[in-house]
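Data first, discussion second: the structure below is written as structure tokens.
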Amino acid sequence: MNIRSAIEDDSGVIRSLIQEGIRANLGQHYSNEQIDAWSSGFSKESIGLAIKHTIALVAEIDGSVVGFGNIEISDDDMTEIHLLYVSPHHQRSGIGTSLIEQLEKHAMQAGKLLVQSDASLLALGLLLKMGYSIRESYIKTYNGIEFPNTWVEKNLNKKDKP
């Protein structure tokens, strides 16, 4: 697996990866109406903007994009992982973990010690496993549809427990 910076030319394949991931993996957590609203919220242009204005990474296997994640590091204390998606064909293979570790490294290099994420029910398990803690569970409205979601955060200064 190779992790590299995303480029705008990756936008189309990232969009497909995100939509495939949403449709394939969220059925146990969300209704069809929620899945439709969520997956329709991504365009090639919006992903291009995320690539341009955040630190955006792709994971590749044999030259094919199999994962995407991005983090926004602002001048204030806000550091947020916005998107994290792994191909349904590569779930549970360490790609999500590797992307999060790389995004956290960027935050630490920028001198940030706290990372937060607005996590879906699907991403929540991985983030908790990686040392994030729940700050708030709430109902999010996206494209006019309500979703259960959770804000999580991690202090990068703390060492993981053995």
Subject >> Positions within region 111-151 being of a type in the set (A, V, I, L, M, F, W, C), farther than 23 Å from residue 77 by Cα and surrounded by fewer than 16 Cβ atoms within 10 Å (Cβ to Cβ), in sequence order >> reply: 121, 139
Subject >> Residue check, residue 45 in contact (Cβ under 8 Å) with a residue 12 or more places away in the chain and in a helix (DSSP H, G or I) >> reply: yes
Original post:
Given region 49-156, what strands (runs of 3 or more DSSP E) lie entirely inside it while holding 1 or more residues that are in contact with a helix residue (DSSP H, G or I) (Cβ under 8 Å, 6 or more places away or on another chain) and closer than 24 Å to residue 9 by Cα?
Top reply: 55-61, 64-73, 79-86
Original post:
Within region 104-128, can you find the residues that are in contact (Cβ under 8 Å) with a residue 12 or more places away in the chain and farther than 17 Å from residue 21 by Cβ?
Top reply: 104, 106, 107, 108, 110, 112, 113, 114, 115, 116, 128
**OP:** Quick one: in region 53-98, of everything that is without any contact (Cβ under 8 Å) to a residue 12 or more places away in the chain and closer than 26 Å to residue 111 by Cβ, which residue is surrounded by the most Cβ atoms within 10 Å (Cβ to Cβ)?
**Re:** 74
Subject >> Subset tally (residues that are polar (S, T, N, Q) and either under 28 Å from residue 74 (Cβ atoms) or touching a Leu at 6+ places or on another chain (Cβ under 7 Å) (or both)) for region 20-39 >> reply: 2
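Coordinate-derived values only; no laboratory data. Keep in mind it's a predicted model, so treat the numbers as computed, not measured. All Cβ positions, glycine included, derive from the backbone under ideal geometry; neighbour counts span all protein chains shown.
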